[in-house]
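Only one structure is covered here, and it is reproduced in the block below.
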Amino acid sequence: MACDSGRSAIEQLDAFGPQMVILDVMMPELDGPGTLEVMRKVSASEMPVVVFCTAKAYPSERARLEQLDVAAVLSKPFDPIALPGVVEGIWARRSLA
């Protein structure tokens, strides 16, 4: 499922019940970190594994995002052919934790 904004993702969260969510850091209406903050407050179900993707892959920005207790931070642009394998690796590492 794809949502066109952070607000839309929050509205769909409990109805859809995803196991993993990939949030773009820069989104309309509510950015990725803001969306994550609200998701954690309003979710009635178990929180999904969260991954951020960002074009601002500066070390300081990555560190700030990683401190938000997410499974990974992906840098854009990424290889769309390799993305499924990257996501599977994130899922496997998170499942082992």
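The values are calculated or read from the model by the stated rules, or taken from the named source; none is laboratory data. Every value quoted in this text rests on a predicted model; they were computed, and no experiment measured them. Note that we place each Cβ from the backbone using ideal geometry, even for glycine, and neighbour counts take in every protein chain shown. What goes into the accessible areas is simple: the full protein's heavy atoms, side chains included, and nothing from ligands, DNA or RNA. Shrake-Rupley method; radii C 1.70, N 1.55, O 1.52, S 1.80 Å.
Number of residues in segment 73-97 that are open to solvent by 40 Å² or more (accessible area, probe 1.4 Å), closer than 21 Å to Thr35 by Cα and touching a helix residue (DSSP H, G or I) at 6+ places or on another chain (Cβ under 9 Å): the value is 1.
Filtering segment 55-72 to residues that are under 11 Å from Pro33 (Cα atoms) and buried (at least 17 other Cβ atoms within 10 Å of the Cβ) leaves Leu65, Val70.
So how many residues does segment 1-26 have that are in contact with a Lys or Arg (Cβ under 9 Å, 6 or more places away or on another chain) and either open to solvent by less than 80 Å² (accessible area, probe 1.4 Å) or among the charged types (D, E, K, R) (or both)?
Residues flagged as in contact with a Lys or Arg (Cβ under 9 Å, 6 or more places away or on another chain) and either open to solvent by less than 80 Å² (accessible area, probe 1.4 Å) or among the charged types (D, E, K, R) (or both) within segment 1-26 amount to 3.
Residue count for segment 28-46, restricted to those that are at pLDDT below 90 and either open to solvent by less than 60 Å² (accessible area, probe 1.4 Å) or small (Gly, Ala, Ser) (or both): 3. Looking only at segment 1-27, filter to residues that are of a type in the set (A, V, I, L, M), within 20 Å of Ala72 (Cβ to Cβ) and in a helix (DSSP H, G or I); which one of those is modelled with the lowest pLDDT? It comes out as Leu13.
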